[in-house]
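*Asks:* Take a look at the following structure, please.
The values are calculated or read from the model by the stated rules, or taken from the named source; none is laboratory data. Here the structure is a predicted model, which is why all the values come from computation and not from measurement. Just the protein is used for accessible areas: all its heavy atoms, side chains included, with ligands, DNA and RNA removed. Shrake-Rupley method; radii C 1.70, N 1.55, O 1.52, S 1.80 Å.
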Amino acid sequence: MLHNRQALHAWMLAFALCVSAPPVLAGPIVTLAHVHGLAYSTDGKQLLVPGHDGLAVYTAGRWSQARGPAYHFNGFSATRDALYSSGHPAPAAGLADPVGLIKSSDGGKTWQSLGLAGESDFHTLATSFATNAVYVANREANSRMSQPGIYYTLTDGRTWQRGADQGRGYMLHSLAVHPTDPAVVAAATDVGLYLSRDSADTFEPLVGDRVVITAGFAPDGQHLWFSTYAGAGGALARIALKAGAKAEDVTVPALADDAIAYIALNPVRPAEIAIATFKRSVFVSKDRGRTWAQIAQEGAANR
């Protein structure tokens, strides 16, 4: 049985979840009321934070609310060409709810439906940066997916394939897709980090004996970054995708009673990484995690 990020939130009783906001133009003070994802823009200049009422954007040291409809975003992910998401429409928009799979090719100003509107809300969604492959964890059957499971599309939702999902740990918290090889997908679970090289048909364990919350591939595809939770606070690590590799711990700010919910790696500046926590704090490192700058504290965006 698949579980999405909502199951994780219930399990981590001490955590208050979420974040929100959007792409450019200064306005009123931005508050990250909910955090439902984290991604860099294609040019690496903007950090995008989706939430209940649109996209929040951090660029050149300032936060702003993005232009575009105030969707309640879930499963947000970015590629070289577009943004992909799921969730619920803006209030009074007159659109089907949930929105199914949607895509924006203009930084979130406008969105097009790729199907399953009124049927599915994908809380677990991941994309391949250079190939636009989209993976989702589907919780129940819909008109294009005959049963629950991990599905992927290489055709912007026109056709879907189901992975056999053999060998993966029990509770799925998130997925990550290799930037250039759409068949390589990582699964963060409550018993470790798993990797598939055959489009989610079979998984092999990379890191075990720990709760892995989220993961993200480095832009060159050579490393996989992932966050963990051990009962008192969150941690960050990375592992090389080669035989015999061991996970390396990465220093992060103290996260007492908190953990890293989302990871984003800058596609233009490989040393830059951003993290967002369950308590809605956001940090950025420009030196692969040696030092960190906090740009939001428990939902309060730094100006």
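*Asks:* May I ask you to derive the relative contact order of region 160-303, considering only C-alpha pairs under 8 Å and at least 6 residues apart, and to give it as an integer percent?
*Replies:* Value for region 160-303: 14 percent.
*Asks:* Could you grab the relative contact order for region 211-258? Cα pairs under 8 Å, six or more apart, rounded to a whole percent.
*Replies:* 29
*Asks:* Determine the per residue accessible area of the chain with all protein chains present and a 1.4 angstrom probe, expressed in square angstrom.
*Replies:* Counting only protein heavy atoms, the per-residue value for the chain is 40 Å².
*Asks:* Another question about this same structure. Can you work out the base-10 log of I(q)/I(0) for region 220-270 at q = 0.13, 0.26, 0.28, 0.30 1/Å, using the Debye formula on its C-alpha atoms alone?
*Replies:* -0.36, -1.05, -1.11, -1.18
*Asks:* While we're looking at this one, here's another question. Where the accessible area of region 145-216 is counted over protein heavy atoms with a 1.4 Å probe, how much of it, in %, is carbon and sulfur?
*Replies:* Looking at region 145-216 in its full context, I get 45 percent from C and S.
*Asks:* Here's a follow-up. Which value in deg cm²/dmol, rounded to the nearest 500, describes the helix-derived mean residue ellipticity at 222 nm for the chain, given -39,500 (n - 2.57) per DSSP H run of n ≥ 4 and division by the residue count?
*Replies:* Result for the chain, helices only: -500 deg cm²/dmol.
*Asks:* Still on this structure, please answer the following. What whole number of Å gives the distance from the Cα centroid of region 183-203 to the Cα centroid of region 143-158?
*Replies:* Between the Cα centres of region 143-158 and region 183-203 lies a distance of 17 Å.
*Asks:* Could you tell me, in Å, what Rg and Dmax come out for the Cα atoms of the chain?
*Replies:* According to the Cα coordinates of the chain, Rg and Dmax are 17.4, 54 Å.
*Asks:* Once Rh is set to the Kirkwood radius over Cα pairs, what Stokes-Einstein translational diffusion coefficient, in µm²/s, holds for region 149-267 at a temperature of 4 °C and a viscosity of 1.567 mPa s?
*Replies:* Using the Kirkwood radius from Cα pairs, D works out to 89 µm²/s.
*Asks:* Output the pairs from Lys109/Lys246; Lys109/Lys242; Lys246/Lys286; Lys109/Lys279; Lys103/Lys246; Lys103/Lys242 with a Cα-Cα distance over 30 Å in this structure; if there are none, say none.
*Replies:* Beyond 30 Å: Lys109/Lys246; Lys109/Lys242; Lys103/Lys246; Lys103/Lys242.
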